[in-house]
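Here is the structure we will look at.
Read-outs throughout are calculated quantities, based only on the coordinates presented, and are distinct from any laboratory measurement. All figures in this text were calculated on a predicted structure; none of them were measured in a lab. Cβ placement follows ideal geometry from the backbone for every residue including glycine, while neighbour counts extend to all protein chains displayed.
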Amino acid sequence: MSAVKLIYFEGCPNAEKVQTLLRAVTSQFEVIRQDTLPEDSNYRNYTSPTILNDSEVIFGGHASGGGCSLQLPNQEELQKKLNLVNSGGKRFTLFSTLGSIGSAMTVGLCPICIPAIGAFLSAIGLGFLVHESVLKPLLFLFLFSTWAGLFWSYRKQHGRLLPLILGIVMGVALYFGRYVYFGASINQTLMYGGMVGIIAVSFWNMKLKKKATCSACLK
């Protein structure tokens, strides 16, 4: 049974708004209709909607005869009160963006392809990076970070599958453009198209996340 509970009465104008807000914060909460509570339950006299975290009332309150809860919280306030500040989501979004940029740089600024970069890295003591045995695993690491962040956003934040699909497609194009030979023009198209695409998808994902958060607060 979830520790977070939403108590409401049928016909409450704010019940659906608060449910939408809760869904943006956590998927783990229980919805309880007030008239289904035991007759001796004190929460039958609370305003609707009321949010409990264990036995702590974090929104709503006792009112003789019930009534509507006013001044709905925003998402940030609700996260803090539930101790669910979404640092995990922020970290995943950051990993996704950094991963996409890192993937593009690993390929686009390849020190093997561009000798000046290799010389510069060697001069500052990072010559070990001028090897495919390092660059290829590094690309995989960045791509995994990107895809993990996009998957997290799809499941927990905005629910849009297209950024994840495009991120995977662009990442695969980036890899094949760099490491599988199809012909000079095709490889360049795949490689540089994948570079631009995967960065664009990550920034689009950030915009969708922000829009989803704002929409949940305004509904």
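Calculate, in nm to one decimal, what residue 172 and residue 37 gain on full extension: separation in residues at 0.36 nm each, minus their alpha carbon distance. Taking residue 172 through residue 37 to full extension adds about 43.2 nm, to one decimal.
Computed over region 4-81, the range of Cα coordinates on each principal axis works out to 33, 22, 17 Å, biggest value leading. From least to most packed, judged by other beta carbons within 10 angstrom and beginning with the fewest, 209, 17 follow the order 17, 209.
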